[in-house]
Amino acid sequence: MEQTCKNVYITTPIYYVNDIAHIGHAYTTIIADMLARYSRLAGYNTYFLTGTDEHGQKISQSAEQRGKTSQEYADEISGKFRTLWDDFDITYDKFIRTTDEEHKLGVQKAFQKMFDKGDIYKGEYEGFYCVPCETFFTEKQLVDEEFCPECGRPTSIVKEESYFFKLSKYEDKLIKWYEENEDCILPRSKKNEITNFVKGGLKDLSISRTSFDWGVKLPESMNEPKHVMYVWLDALMNYITALGYGDKEENMNFWPANVQLVGKDILRFHSIYWPAFLMSLDLPLPKHIAAHGWWTRDGQKMSKSKGNVVNPKEVADAYGLDAFRYFMLREVPFGQDGDFSQKALMDRINSDLGNDLGNLLNRISGMSGKYFDFKIDSKDVSKFHQKELDEVNVLLDNLDGYLYNMQINRYLEDIWKILTIANKAIGDYEPWAKMKEGKTEEAMALVALITNIMAKVSLLLDSVMPEKIAKISESLGIKISNENFTKLITNRELISTTTITKVDQLFPRIEEILLTQPSNEKEEQKQETKKETPKKEESKEEDDNLITIDQFFETSLKIGTIVEAQEVPKSKKLLKLQVDLGEGRNRQILAGIKEFYSAEDLVGTQACVVANLKPAKLMGMLSEGMLMAAKDENGLSLIRPEAPKKSGTKIS
Ligand code: MSP
């Protein structure tokens, strides 16, 4: 983001509608939202775009599997993304869908222009195509001569008539762009990778398909009704069609984009194809393409098949949206992979937010109330605290730079250093002692210093935690506005007077594990992966999975009698059971079977129980075992003894 420009345009990738939103999608969107909010507050004319990517074979196949038309399916999932972003108060200016008529027209105009320029020609394509990744691979790139290097699924050989984009023509121009624009790709380490890749040579790109029809048709003038556009050509164009490209062009003054956020997995599309398309269209190139890393969960790669995907809504509901936003932005240096763990999130909430930020506000309201009837006057701050003000100003100097270079975690780290200056000043100057000594002016200067620091920090954190900052600013009696941003941040001034209002504790301590573990879903999804895994892998896995009889007996299976059963409030799946395993006390077991059994029907019945599972907490409640069940398309059944057995009878 250049500080000199008036307009700021920020984009996220458009999300595929074959999946629901997960933490990775939320991450990109939250970063973009933070930049957009900050830019608006700093006075830039800002446009923030997000949306959904809805064409391609993968989407039409997902729709078919669900017995829906592609359009119905796209409408449903796109709607879910939009609802989630609305729930998250994401301040997008436009939510684009690639099925929007204006988008389709814009893409056709772009295709026509590139064709007229001589950058598109007709040929025949033969390659190894991975449907889930919507990508062609060369034979060299395949794993074991057959499998997709990205997702491991089998590829198929596709030979079809296709239009090609002369990507090779743009090789030198791309290299020149990378070399002349230090920060065009962020982080810089990624730029080197891309530059080396392009230096290795680029092949022309197949940009139309005839093997399916869920896509944007070629322009009518081409008279090619069987061809639809390659999804990546269609999708990348969203960044300009959203501004009216090829139609009314009403917002094209926002182009070129300042920051285009992407995940590292889609950086090549954005830093090679996209600028080449733009060069062909004679449009300027984006200022920064910024690639973030991937999130793992508790150290493991997140995937639907592992059933460990973090649901951003669930986290935000459990811990608070602002805390979640802060965690995502603070925890990981931009560009690096990050790990999501509830412990790390709780530590951030309790320490950074509760101790450093929340407590400081309490201290301001406590001291101002006790000594000055909540009235603050800054007139003597510079006289007694120029040293602290200078320290704060040095930190403020760097903040812009961090943001503009996508070092958001450093931006936050330095804001926390500013908070430390405030917290330390209280200890160093002990306003309570000053009051005792009758040095009221000095005590007031200290409380006013802290209040000013808190006001500056609020202006800087509004983009990160808008809800909590609204409460803090209300308590400080200071409006979050561009006027105050200019005054307190840009011009380094102080507020003259204000009146503090008390607020409830902003970040109460969090102790408990609140998230549900996706137990049954995990099982379901494991089944799904098995289906999806390449055949070779599957048989290998089966061999590896053979166990000895001793290993089998490591699992303690017993007959349990369900003596009590209750629904777990707010849970769609869980029932809380008391199960007698003949141990002289009942065990509490949480079972995800509510959709298939009512609590009353279970009482007095028996089931097979895994009795030596490590106890786990589900929704904050202890579960000391697992009921065995089998599930197919007709539903789920508990595994039970054919005739009643004594509670605790061993199963072998
Ligand atoms: N539709 C394309 C983008 C087209 S843009 C013209 C696409 N969609 S996606 O839904 O599969 O992915 C969207 C974004 O989510 C990507 O930037 C991807 O990197 C990001 N993430 C997906 N899983 C992720 C994590 N586990 N962690 C962080 N981000 C990840 O690609």
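The values are calculated or read from the model by the stated rules, or taken from the named source; none is laboratory data. Here the structure is a predicted model, which is why all the values come from computation and not from measurement. Ideal geometry is used to build each Cβ from the backbone, glycine not excepted, and the neighbour counts take in all protein chains shown. The protein model used for the area step is the full one, side chains on, heavy atoms only, and it has no ligands, DNA or RNA in it. Shrake-Rupley method; radii C 1.70, N 1.55, O 1.52, S 1.80 Å.
Any idea which of (1) away from the ligand (no atom under 16 Å from the Cβ); (2) open to solvent by less than 80 Å² (accessible area, probe 1.4 Å); (3) not in a helix (DSSP H, G or I) is the one residue 225 doesn't satisfy?
Failing condition for residue 225: (2).
Taking region 582-619 as the region of interest, how many residues are touching a residue at least 24 places away in the same chain (Cβ under 8 Å) and in a strand (DSSP E or B)?
13
I'm trying to understand the selection: among the residues of region 620-641, which are modelled with pLDDT of 80 or more and either closer than 17 Å to residue 578 by Cβ or not in a strand (DSSP E or B) (or both)?
623, 624, 625, 626, 627, 628, 638, 639, 640, 641
Return a yes/no flag: does region 55-66 have any residue that is in a loop (DSSP other than H, G, I, E, B) and within 15 Å of the ligand (Cβ to nearest atom).
Yes, because at least one residue in region 55-66 is in a loop (DSSP other than H, G, I, E, B) and within 15 Å of the ligand (Cβ to nearest atom).
Kindly indicate which of 238, 251, 258 is in contact (Cβ under 8 Å) with a residue 12 or more places away in the chain, under 22 Å from the mean Cα position of the chain (by Cα) and away from the ligand (no atom under 16 Å from the Cβ).
Of the residues listed, the single one that is in contact (Cβ under 8 Å) with a residue 12 or more places away in the chain, under 22 Å from the mean Cα position of the chain (by Cα) and away from the ligand (no atom under 16 Å from the Cβ) is 258.
Does region 603-615 contain at least one residue that is at positive phi and of a type outside the set (Lys, Arg)?
yes
Would you point out the residue of region 387-410, among those that are in contact (Cβ under 8 Å) with a residue 24 or more places away in the chain, of a type outside the set (A, V, I, L, M, F, W, C) and assigned to a helix (DSSP H, G or I), that is most open to solvent (accessible area, probe 1.4 Å)?
Within region 387-410, the match that is most open to solvent (accessible area, probe 1.4 Å) is 410.
Within region 439-456, can one find any residue that is modelled with pLDDT under 95 and not in a helix (DSSP H, G or I)?
There is no residue in region 439-456 that is modelled with pLDDT under 95 and not in a helix (DSSP H, G or I).
Step by step: first the residues of region 349-381, then only those that are of a type outside the set (Gly, Ala, Ser) and open to solvent by less than 10 Å² (accessible area, probe 1.4 Å), then the one that is farthest from residue 406 (Cα to Cα). Which residue is that?
376
I need the strands (runs of 3 or more DSSP E) fully contained in region 246-348, keeping only those with at least 2 residues that are modelled with pLDDT under 95 and open to solvent by less than 30 Å² (accessible area, probe 1.4 Å).
Output list reads 295-297, 338-340.
Within region 21-32, does at least one residue satisfy the condition of being away from the ligand (no atom under 15 Å from the Cβ), open to solvent by less than 10 Å² (accessible area, probe 1.4 Å) and touching a helix residue (DSSP H, G or I) at 6+ places or on another chain (Cβ under 7 Å)?
The answer is no, given that none of the residues of region 21-32 is away from the ligand (no atom under 15 Å from the Cβ), open to solvent by less than 10 Å² (accessible area, probe 1.4 Å) and touching a helix residue (DSSP H, G or I) at 6+ places or on another chain (Cβ under 7 Å).
Among (1) closer than 23 Å to residue 632 by Cβ; (2) modelled with pLDDT under 85; (3) aliphatic (A, V, I, L, M), there is one condition residue 610 misses while meeting the rest; what is its number?
The single condition residue 610 does not satisfy is (2).
Right, residue 195: free of Cβ contacts under 8 Å to residues at least 24 places away in the same chain and away from the ligand (no atom under 15 Å from the Cβ) or not?
In short, yes.
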